[in-house]
1. Would you mind finding the one in 29, 3, 25, 14 that is outside any helix (DSSP H, G or I) and at pLDDT 85 or above?
2. Out of 44, 34, which single residue is at pLDDT 90 or above, more than 12 Å from the chain's Cα centre (by Cα) and at negative phi?
3. All but one of (1) surrounded by 14 or more Cβ atoms within 10 Å (Cβ to Cβ); (2) within 29 Å of residue 60 (Cα to Cα); (3) without any contact (Cβ under 8 Å) to a residue 40 or more places away in the chain hold for residue 5, so report the exception by its number.
4. Pairs only if they're at least six apart or on different chains, beta carbon under 6 angstrom, first in region 40-60 and under 16 Å from residue 4 (Cα atoms), second not in a helix (DSSP H, G or I); list them, first residue then second.
C-alpha cells in the first residue's frame with residue numbers, strides 16, 4: 001500500500017468509537033443503543049475487509065460505482 005487512506009482510517013476509527021459508546025449505553029441499561037453499535041462495528045469490519053482485499057491484490061484500487069477513494 002502506498003500511503004494512508006484517510007477516508008478508510010476515519011471509517012474504521014469512527015465505527016469503533018460508535019461501537020464503544022453504544023456498548024457503554026447498553027451497560028448503563030439502554031438496550032436499543034446496541035443497534036447503532038452493531039451497525040458501527042459492521043461498517044468498520046467491512047472497511048477492514050475491503051482494505052485487506054485491496055492489499056492482497058484481489059481487487060483493484062479503481063472500481064466503478066464505488067464509494068471508496070480512487071487513487
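1. Selected residue: 29, the only one of 29, 3, 25, 14 that is outside any helix (DSSP H, G or I) and at pLDDT 85 or above.
2. None of the other options fit; the residue is 34.
3. Exception for residue 5: condition (3).
4. Qualifying pairs under 6 Å: 53/59; 55/1.
The values are calculated or read from the model by the stated rules, or taken from the named source; none is laboratory data. Treat the numbers as computed from the prediction; the structure is a model and nothing was measured. Cβ: placed from backbone, ideal geometry, glycine included. Neighbour counts: every protein chain shown.
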